[in-house]
1. Within segment 165-175, track down each residue that is open to solvent by less than 70 Å² (accessible area, probe 1.4 Å) and either touching a residue at least 40 places away in the same chain (Cβ under 8 Å) or within 25 Å of Gly224 (Cβ to Cβ) (or both).
2. Which residues, counting only those in segment 102-129, are open to solvent by 40 Å² or more (accessible area, probe 1.4 Å), assigned to a helix (DSSP H, G or I) and farther than 16 Å from Asn157 by Cα?
3. In the set Asp265, Asp297, Asp276, which member is under 29 Å from Leu354 (Cβ atoms), free of Cβ contacts under 8 Å to residues at least 24 places away in the same chain and not polar (S, T, N, Q)?
4. Looking only at segment 377-388, filter to residues that are under 18 Å from the mean Cα position of the chain (by Cα) and in a loop (DSSP other than H, G, I, E, B); which one of those is farthest from Asp276 (Cα to Cα)?
5. Take the residues of segment 130-149 that are in contact (Cβ under 8 Å) with a residue 24 or more places away in the chain and assigned to a loop (DSSP other than H, G, I, E, B): which is most open to solvent (accessible area, probe 1.4 Å)?
6. Out of curiosity, is Pro180 touching a helix residue (DSSP H, G or I) at 6+ places or on another chain (Cβ under 6 Å) and closer than 30 Å to Ile358 by Cβ?
7. Could you give me the residue pairs with C-beta distances under 7 Å whose first residue belongs to segment 350-362 and is at negative phi, whose second residue is part of a helix (DSSP H, G or I) and surrounded by fewer than 16 Cβ atoms within 10 Å (Cβ to Cβ) wherever it lies, and which are 6+ apart or on separate chains?
8. Evaluate segment 165-188: report whether one residue or more is within 23 Å of Leu105 (Cβ to Cβ) and assigned to a strand (DSSP E or B).
Amino acid sequence: MKYVYRAKERRSPRGCPALILFFLLLFGFAVLNLFWPKRTISELENRRLAQMPAFSWQGLLDGSWTADFGEYLQDQVAFRDLWIDLQSGVNTLALQKVEQGDILLGSDHWMFTKQFGTPDTTQLMQNADFAAQFAQRYPGRVTFLLAPSASVIYPENLPAGAPMTDENALLDQVFAAVSPYANVIDLREVYTARKDEYLYFRTDHHWTTHGAYIAYEQFCARQGLTPFDTAAHESQEVTGFYGTHYSTTRWWNTRPDTITWYPLDNPMTVYTITGDGVFEPAQTTGMVDTAKFDTRDKYGAFLGGNNGYSVIEGDGEGSILVVKDSYANSFIPYLTANYAKIGVVDFRNFAYGLDNTIEKEGYDQILILYNFQTFLTDRYVNRLVRPASES
């Protein structure tokens, strides 16, 4: 028997073309990233993007430069917005996620701030005590308004089984601590009764201007004031508002919100603060910075943001000082119908106590207005009771 030996046929490696294509794409994308326009701010995410870090041997050795460079590559990658949208779509459609970056994706296009379990309430109750102490020093002159979260008013729209914090119980504790000394406004009953109205933005953590107006009506009822007549003023609308919740989630089927506002001509003076009760006028402008309606931060148009100290000229009588977070920004314009002078303090940019300012400016009334989520953790509320010697 003869054996026939055949040379083995050489087979071209079938994976080579795919491998070459992969490396070409990888190299091409790296080159594209190199020349892709670098951005300072992401309008969609409403935040500043990482920039190329300055190189140092020390930073390379301790790993800080490598970490910063990795963040820079992540923030400046080509088509970043498209990748984020794609990831959000996969998470919600394919993976059926109901949580994205500490935001809960509810029914009817609602987005809620996530607050699970029993939070540390030390700061919350300290803040309630600060408000109570402050009100004791100004008896009969202080109103305390703490707006509930949207999840308290619309629990049926939360994801099924979401173990949310019992905010109602915490609000009860805060109001019980403050009510002996201040006029407390609890919005939960009136908001629940009117929940079919447009009270909160679905894509943002703020209330709407209509929600703010209902709160303002409650304030007027307590003070015996005639509310701002919305029928006597022509409102304007800004559509296409995607708020901070959307910036976090980038939910693929989001419906944008609408901002309603009133073009009032009351001047607002923003001050530069140089000491305790010492400030100089920096600029005088309107209460609404309409240029911001053309940006991502459309809610920032109200009062031009969170200035340390501002004074608004009203059309009423007397004066009021509003100590606040950003919820008050869309509330305050309504007060022009009732007061001749409205002072506005935001402790994030006002590093002093209030006694000297109240005495110098002669404020008749004081309104403390926050939303629950801010008041829960805000470490600046202690400035309510800061004596002048510590300013």
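The values are calculated or read from the model by the stated rules, or taken from the named source; none is laboratory data. What you see is a predicted model, and the numbers here were worked out from it, not measured in a lab. Here the Cβ positions follow ideal geometry from the backbone for every residue, glycine too, while neighbour counts run over all protein chains shown. Surface accessibility is based on the protein's heavy atoms, side chains included, excluding ligands, DNA and RNA. Shrake-Rupley method; radii C 1.70, N 1.55, O 1.52, S 1.80 Å.
1. Step one: of segment 165-175, the residues open to solvent by less than 70 Å² (accessible area, probe 1.4 Å) are 165, 167-171, 174-175.
Across segment 165-175, the qualifying residues are Thr165, Glu167, Leu170, Leu171, Val174, Phe175.
2. Listed by number, the residues that qualify are Thr122, Met125, Gln126, Asp129.
3. On the way: Asp297 fails: free of Cβ contacts under 8 Å to residues at least 24 places away in the same chain; Asp276 fails: free of Cβ contacts under 8 Å to residues at least 24 places away in the same chain.
So the residue among Asp265, Asp297, Asp276 that is under 29 Å from Leu354 (Cβ atoms), free of Cβ contacts under 8 Å to residues at least 24 places away in the same chain and not polar (S, T, N, Q) is Asp265.
4. My answer is Asp378.
5. The extreme case among them is Pro139.
6. Values: touching a helix residue (DSSP H, G or I) at 6+ places or on another chain (Cβ under 6 Å): no; closer than 30 Å to Ile358 by Cβ: yes.
The answer is no for Pro180.
7. Pairs found: Gly353/Ala388; Asp355/Ala388; Asn356/Ala388.
8. Just the residues of segment 165-188 that are within 23 Å of Leu105 (Cβ to Cβ), to begin with: 165-168.
Subsequent filtering for residues that are assigned to a strand (DSSP E or B) retains none.
Checked against the condition, which is being within 23 Å of Leu105 (Cβ to Cβ) and assigned to a strand (DSSP E or B), segment 165-188 yields no hits at all.
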